[in-house]
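Visitor: Below is a structure I'd like to ask you about.
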Amino acid sequence: MRAPLRLLAVSVAATLVGAAATAGAVADGSSGAVPNASRTWGTNGRVSALLSLGTTVVVGGDFTEVVDPSGHTFPAGHLAKYDTETGAFDTTWRPATDGSVLALAASGDTLFVGGTFLSLNGSTKAASFGAVSLATGATKTAFTGRINREVDTITVAGSSVFVGGLLTKVTDAAGAHTVTYAAKLDTTTGTMDTAWAPVLDKRVRSLLATPDGTKVYVGGDFTTVGGYGPAGKLTLLSTATAAVDPTFRGGTTNLTARAPAYALTLSGNALLVAATGSGGGCSRLDATTGQTVWSKHANGDVQSIAVFGPYTYCGGHFSGGASFDGLDRQKLAAVTTDGGVTQAFAPNVNSALGLWSMTSTPRAVVVGGDFTRVDSTITPFLTQFRDLDFRTTAPATTQVSAQAGDATVALTWDVPWTDGGYPTYSYVVYRSVGGGAWSVVGNPGQESFVDTRVTNGTTYAYAVVTRNAAGDSPFSPTVTATPQAAATTAPGVPTAFQAAGGLHVANLGWGAPTFDGGTPVTGYRILRGTSSGTETALVDVDATTRTYADTAVVDGTQYYYTVQALNAVGASVSTPEKTATPSSGVPSQPVLTRDTTTPPSVVTLTWTVADPGGSPITKYVVVRDGVRVGTVTAPTQTLTDPAPASGTHVYQVKALNSIGASRFSNGVTVTLP
């Protein structure tokens, strides 16, 4: 039996959570976080969770690979470690889940991972929730706490880890324990504290421990805590007893409405809240009393929030004219934390849903979501907005190659791992002859250059530098080439090769090589594989063709492509590898569960969908024994059967968007008296 609701009178002394930028900065690009996204590494799927650990950010989501700016891919099982200084992922850190990662938190070397996965590092004992080493990625085997359903949020206070979501049961060494959407476990053993037992009537979506560890903010869909209505949507509980702090009463979080809190962060005595509701909201509340200081309305959910210097950054699904505080904002906005003034900061984030996660480091705001571009910068699912004062030169470019021809040397190289925070950059090509001094021979704006001022039989050394507004990068690795007289050679590498997945198609595009080998280019060969480095010839096209739509594909399969130029001598070196994943456009199959906290005669169903497809989900159709019992308008993901008959029934749900319908979910069998 659960303890009755207790009220605890306490005070809050919150300290800054997040990074600090220059005082008095302006979030319009003149100082503070610049409005242009940095081009860095990304992923091949949604980024749903970000955890800042200094200049390192742990990234979680729905991806299976990380991708460098040149399109090279590396395996990653829904988890990865990102260095915000270099813009690269640590490809040697390889913990893995088999499903979505939605929440992250850390305590010392322990990383807590939550989501909808069924296994962690191959073990099904860590379904929905588990712990790995931050240093090695190995499973923390001493941690044995298990969660039965989706974990949406995690926070740590001292030696305890708090978990929230759709969970209704926790299993530890002592056995199974019933909970209502939140639980407290030991950070080392995973043993549940059964005395910490708040009675919540609906899902928990956000948790945030106070800096002193004595209390925890709880936000979500719930309307009461232990029957106490004023604690609905957002409350403050004791981390020792789960007692409600009666001095804290959450104010409005979506302009004039008290809406479910999706994300929380603290800055001094300011509690910043990202909320849903009718559209969404981004708000500042007094961290002690819960009183609203300011609240902004958006025309879509606000899913994420972060503090950077004097600004609060709000990210989510809003877009278009008057979409945020009456202004045109595309998924991301900035507000002064003290005064609540919306800033001119207005990057254009593409995709239907945009941002799902956000954090700050000492030098940048880092965001993740469904997007692939911010303004004109390619940013697959992850990017950062650097502090103006910490923008840097680019790192040295890698993978430089040189192909000698008749009185020519053709060079190609990879895009640097990050642009250093400047959207515009170019390259400087240096050359040395016989070990002599280096001299500039070219300033191309793309990753290729043909040196025609060479003599056959002479060996030349080359290096490439990336130049942005901060200066020049270090030299790339050097390469050498010796041009030779020849009647003809194979052509140069095709330029500007790109690949992108579309609806039932992979779309490819490229440019002509910068030299033809002394004889006209006769065509192009497209090569395809289903893993990196395994490409084989798919089709040859004529010399006038610069694009190709590959429709002989399986939706959801990632394909690897390269292109070669052809002439009478033969084929060129292949372009750098690119990937594309065709989409069916329809939502992924929902995962359906029954809410077991309701009476046995009541059938309440909830579900989740990992991927909305090529268009936002508009509604869900629920069937009982193959007959429709209800239609639910998105984003709601729950339904109570209004008139279930006695007997045994099987329920399923499917999701619909403007393109079509998903497969029906798993069946949930219910036996009613």
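The values are calculated or read from the model by the stated rules, or taken from the named source; none is laboratory data. This is a predicted model, so every value here is computed, not measured. Note that each Cβ is placed from the backbone with ideal geometry, even for glycine, and that neighbours are counted across all protein chains shown.
Visitor: Just give me the residues in the stretch 512-527 being surrounded by fewer than 19 Cβ atoms within 10 Å (Cβ to Cβ) and either at pLDDT below 90 or over 37 Å from the mean Cα position of the chain (by Cα) (or both), in sequence order.
Guide: G518, T519, P520, T522, G523
Visitor: Separate question: Within the stretch 171-202, work out how many residues are surrounded by fewer than 24 Cβ atoms within 10 Å (Cβ to Cβ) and over 17 Å from A243 (Cα atoms).
Guide: Of the residues in the stretch 171-202, 14 are surrounded by fewer than 24 Cβ atoms within 10 Å (Cβ to Cβ) and over 17 Å from A243 (Cα atoms).
Visitor: Being at pLDDT below 95 and of a type in the set (S, T, Y) narrows it down to one of T73, T139, T56, so name that one.
Guide: Of the residues listed, the single one that is at pLDDT below 95 and of a type in the set (S, T, Y) is T73.
Visitor: Further, regarding this structure: Only one of these is among the aliphatic types (A, V, I, L, M) and modelled with pLDDT under 95: A88, A80, A49. Name it.
Guide: Checking each option against the conditions leaves just A88.
Visitor: From (1) modelled with pLDDT of 95 or more; (2) farther than 15 Å from V113 by Cα, pick out the condition that doesn't hold for G226.
Guide: Among (1) modelled with pLDDT of 95 or more; (2) farther than 15 Å from V113 by Cα, G226 violates only (1).
Visitor: Counting only residues that are small (G, A, S) and either crowded, with 18+ Cβ neighbours inside 10 Å or without any contact (Cβ under 8 Å) to a residue 12 or more places away in the chain (or both), how many does the stretch 460-479 have?
Guide: 3
Visitor: Continuing with the same structure: Any residue in the stretch 313-332 that is at pLDDT 95 or above sitting within a Cβ distance under 6 Å of a residue that is exposed (fewer than 14 other Cβ atoms within 10 Å of the Cβ) and part of a loop (DSSP other than H, G, I, E, B)? List the pairs, counting only those 6 or more apart or interchain.
Guide: D328/G321
Visitor: I've got another one for you. Could you check, for the stretch 289-296, whether at least one of its residues is aromatic (F, W, Y) and surrounded by fewer than 22 Cβ atoms within 10 Å (Cβ to Cβ)?
Guide: Keep residues of the stretch 289-296 that are aromatic (F, W, Y), which gives 294.
The next check asks that each one be surrounded by fewer than 22 Cβ atoms within 10 Å (Cβ to Cβ); those that pass are 294.
Taking every residue of the stretch 289-296 in turn, at least one turns out to be aromatic (F, W, Y) and surrounded by fewer than 22 Cβ atoms within 10 Å (Cβ to Cβ).
Visitor: For the stretch 341-362, how many residues are touching a residue at least 40 places away in the same chain (Cβ under 8 Å) and surrounded by fewer than 17 Cβ atoms within 10 Å (Cβ to Cβ)?
Guide: 2
Visitor: Among the residues of the stretch 268-307, write down those that are at pLDDT 95 or above and among the hydroxyl-bearing types (S, T, Y).
Guide: S283, T288, T289, T292, S295, S304
Visitor: Still on this model: Could you list, in sequence order, all residues of the stretch 40-68 that are part of a loop (DSSP other than H, G, I, E, B) and not small (G, A, S)? Let's see the steps before the verdict.
Guide: First, pick out the residues of the stretch 40-68 that are part of a loop (DSSP other than H, G, I, E, B): 40-41, 44-46, 54-55, 62-64, 68.
The answer is T40, W41, N44, R46, T55, D62, F63, T64, D68.
Visitor: Going by the conditions given, is T606 of a type in the set (S, T, N, Q) and either in contact with a helix residue (DSSP H, G or I) (Cβ under 6 Å, 6 or more places away or on another chain) or over 14 Å from S665 (Cβ atoms) (or both)?
Guide: no
Visitor: A further question on this structure: Restricting to the stretch 425-439, name every residue that is among the aliphatic types (A, V, I, L, M) and closer than 30 Å to R39 by Cα. Steps first, answer last, please.
Guide: As a first pass, look at the stretch 425-439 and keep what is among the aliphatic types (A, V, I, L, M): 428-429, 433, 437.
If the condition is that a residue be among the aliphatic types (A, V, I, L, M) and closer than 30 Å to R39 by Cα, then V428, V429 are the ones that fit.
Visitor: Working only within the stretch 635-661, note down all residues that are in contact with a Leu (Cβ under 8 Å, 6 or more places away or on another chain), at pLDDT 90 or above and under 30 Å from G556 (Cα atoms).
Guide: Across the stretch 635-661, the qualifying residues are T638, L639, Y651, Q652, V653.
Visitor: Checking the condition under 26 Å from T191 (Cβ atoms), in contact with a strand residue (DSSP E or B) (Cβ under 6 Å, 6 or more places away or on another chain), among the hydrophobic types (A, V, I, L, M, F, W, C) and surrounded by 21 or more Cβ atoms within 10 Å (Cβ to Cβ), which residue from A127, A103 passes?
Guide: Selected residue: A103, the only one of A127, A103 that is under 26 Å from T191 (Cβ atoms), in contact with a strand residue (DSSP E or B) (Cβ under 6 Å, 6 or more places away or on another chain), among the hydrophobic types (A, V, I, L, M, F, W, C) and surrounded by 21 or more Cβ atoms within 10 Å (Cβ to Cβ).
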